[in-house]
Amino acid sequence: MMDVPRRELKYPAQVEQWLIGLGPKLDAPGKMILIGSGALLWHAAQRGIETPLPENSMDVDPITGDDEVAELCYECHIGSVFERENGWHVNLMPDDALDGLPPGWQERSRTKQYGSLTVQVPAPEDLLVPKLERGETRDLAHKQWALYNGLINK
């Protein structure tokens, strides 16, 4: 029987620390695109914001075409040792998860290097588009959090 996923991803530093630890594990350069609430937390971490999400998340959602990066992400799946230790997991997403982002998101995205890992993160406004289309309570709360913390203007 699989454990129920925990929802303990709430602080910006959690995502940043995961990426800091992931980059040096790569033997070759790799790339990842980060989406979802984990990406919002990433933007907050880049600005030194420590305010937790109003509704915790259970995962980060990376997209990668690199086998080594994907393998490291798979090691952090639901029920993994990583999840038991951290309270959240990694949910590797398919490329078509990017289809919900607005045109031009690549030009507005930010990129950061973590060892051999290059991470690209869509702008907060772009990340919120698919969340607001879903209209779930937690997604609306994440928009308000992004507004409150100055990640978006409206």
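Each Lys and Arg Cβ is given +1 and each Asp and Glu Cβ -1; about its Cα centre, region 104-143 then shows a dipole of about 160 debye. The smallest convex shape that holds all Cα atoms of the chain, its convex hull, gives 115 Å³ per residue.
Here region 25-68 was treated as a single set of alpha-carbon atoms; its pair distances binned every 5 Å from 0 give 5, 19, 23, 20, 16, 11, 6, 0 percent. Scoring 32-41, 114-123 by mean Cβ neighbours within 10 Å over their residues and listing the highest first yields 32-41, 114-123. Note on the chain: lysine pairs with Cα distance below 23 Å, sequence gap of 8 or more or different chains, count 9.
Each 5 Å bin from 0 upward holds the following percent of the Cα-Cα pairs of region 58-99: 5, 27, 30, 21, 12, 4, 0.
Considering only beta bridges that DSSP places wholly inside the chain, some 60 percent are antiparallel. Counting 0.36 nm for each residue step from residue 107 to residue 67 and taking away their Cα separation leaves a gain of 11.9 nm. Peptides 101-112, 71-82 ranked from most to least packed, by the mean per-residue count of other Cβ atoms within 10 Å: 71-82, 101-112. Protein heavy-atom surface of region 1-141, 1.4 angstrom probe: 51% of the accessible area is carbon and sulfur, with nucleic acids and ligands not counted. Assuming charge only on the beta carbon of Lys and Arg (+1) and of Asp and Glu (-1), the dipole of the chain about its Cα centre is about 680 debye to the nearest 20.
Here is how the number arises for the chain: DSSP H runs of 4 or more residues each give -39500 (n - 2.57), the sum is divided by the residue count, and the result at 222 nm is -11500 deg cm²/dmol. Would you mind checking which residues have amide H under 5 Å from residue 110's amide H? H placed 1.01 Å from N; only 5 or more apart, or other chain. Excluding prolines and chain starts, which carry no amide H, the hits are 121, 123. Counting every alpha-carbon pair across region 69-154, the share separated by more than 16 Å comes to 67%. Annotation for residue 28 and residue 132: the two label points, set 7 Å from Cα along the Cα-Cβ direction, are 4.0 nm apart.
Between residue 75 and residue 13, what is the FRET efficiency for a Förster distance of 25 Å, r being their Cβ-Cβ separation, to the nearest 0.05? Calculated value: 0.75.
Counting 0.36 nm for each residue step from residue 98 to residue 125 and taking away their Cα separation leaves a gain of 8.3 nm.
The values are calculated or read from the model by the stated rules, or taken from the named source; none is laboratory data. Worth saying up front: this structure is predicted, and the values here are computed from it rather than measured. Neighbour counts are summed over all protein chains in view; Cβ atoms, including those assigned to glycine, are modelled from backbone coordinates with ideal geometry. With ligands, DNA and RNA removed, areas are computed over all heavy atoms of the protein, side chains included. Shrake-Rupley method; radii C 1.70, N 1.55, O 1.52, S 1.80 Å.
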